[in-house]
Amino acid sequence: MNIVAVIPARGGSERLPRKNLLEVFGKPMIVWGIEACQRTAAIDAVFVSTEDDEICQVAEDAGARIIPRPSELSASNVPKVEVLRHADGWLYETEHCHPHSIMGVQANSPEV
């Protein structure tokens, strides 16, 4: 895998609870991000980094692979770069892969 997308998706959103699972035009918000990444020819694989079982299920049903996020990286004050660093280490240790690039994709951004 040369380029992977990693979508950080905590279950504990404080400003808008469960925002990644809220339906927008008929599907959970996170699914829009997953599908956008899947349609992008340059992206070899789509991963969701989360600690939340329901987000895991929705993401897997949409075709994403899961990176289990430890609780210490699931707080609201953890920078996204730390989540992406964890993802890189997890990919290397678990998937035996070191991608050329990791694209961090916000599932709850209108730009997706």
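The values are calculated or read from the model by the stated rules, or taken from the named source; none is laboratory data. Remember, it's a predicted structure, so these values are computed and weren't measured experimentally. As a convention, Cβ positions derive from the backbone with ideal geometry for all residues, glycine included, and neighbour counts pool all protein chains shown. Ligands, DNA and RNA are excluded from the accessible area calculation, which covers all protein heavy atoms including side chains. Shrake-Rupley method; radii C 1.70, N 1.55, O 1.52, S 1.80 Å.
Would you please name the residue that is farthest from Pro17 (Cα to Cα), looking only at residues in the stretch 58-73 that are assigned to a loop (DSSP other than H, G, I, E, B) and in contact (Cβ under 8 Å) with a residue 24 or more places away in the chain?
Gly63
Could you identify the single residue in Met1, Met29 that is of a type in the set (A, V, I, L, M), touching a residue at least 60 places away in the same chain (Cβ under 8 Å) and open to solvent by 40 Å² or more (accessible area, probe 1.4 Å)?
Details: Met29 fails: open to solvent by 40 Å² or more (accessible area, probe 1.4 Å).
Step by step, each of Met1, Met29 is checked, and only Met1 is of a type in the set (A, V, I, L, M), touching a residue at least 60 places away in the same chain (Cβ under 8 Å) and open to solvent by 40 Å² or more (accessible area, probe 1.4 Å).
For the stretch 74-88, how many residues are without any contact (Cβ under 8 Å) to a residue 24 or more places away in the chain, within 13 Å of the chain's Cα centre (by Cα) and open to solvent by less than 50 Å² (accessible area, probe 1.4 Å)?
Within the stretch 74-88, residues that are without any contact (Cβ under 8 Å) to a residue 24 or more places away in the chain, within 13 Å of the chain's Cα centre (by Cα) and open to solvent by less than 50 Å² (accessible area, probe 1.4 Å) number 1.
Return the residues of the stretch 100-112 that are within 16 Å of the chain's Cα centre (by Cα), of a type outside the set (Ser, Thr, Tyr) and over 15 Å from Arg65 (Cα atoms); say none if nothing qualifies.
Gln106, Asn108, Pro110, Glu111, Val112
I'm checking my understanding of the structure. Among residues of the stretch 32-45 that are in contact (Cβ under 8 Å) with a residue 24 or more places away in the chain and open to solvent by 70 Å² or more (accessible area, probe 1.4 Å), which one is farthest from the chain's Cα centre (by Cα)?
Asp44
Of (1) open to solvent by 50 Å² or more (accessible area, probe 1.4 Å); (2) under 13 Å from Val6 (Cα atoms); (3) within 11 Å of the chain's Cα centre (by Cα), Val48 satisfies all except one. Which?
Going through (1) open to solvent by 50 Å² or more (accessible area, probe 1.4 Å); (2) under 13 Å from Val6 (Cα atoms); (3) within 11 Å of the chain's Cα centre (by Cα) one by one, Val48 breaks only (1).
Could you please find all residues in the stretch 94-107 being open to solvent by 50 Å² or more (accessible area, probe 1.4 Å) and either part of a loop (DSSP other than H, G, I, E, B) or small (Gly, Ala, Ser) (or both)?
Selection gives His96, His98, His100, Gln106.
Would you check if Ile34 is in a strand (DSSP E or B) and of a type in the set (A, V, I, L, M)?
no
Only one residue in Leu16, Leu91 is assigned to a helix (DSSP H, G or I) and either open to solvent by less than 30 Å² (accessible area, probe 1.4 Å) or not polar (S, T, N, Q) (or both), so which one is that?
Leu91 is the lone residue from the list that is assigned to a helix (DSSP H, G or I) and either open to solvent by less than 30 Å² (accessible area, probe 1.4 Å) or not polar (S, T, N, Q) (or both).
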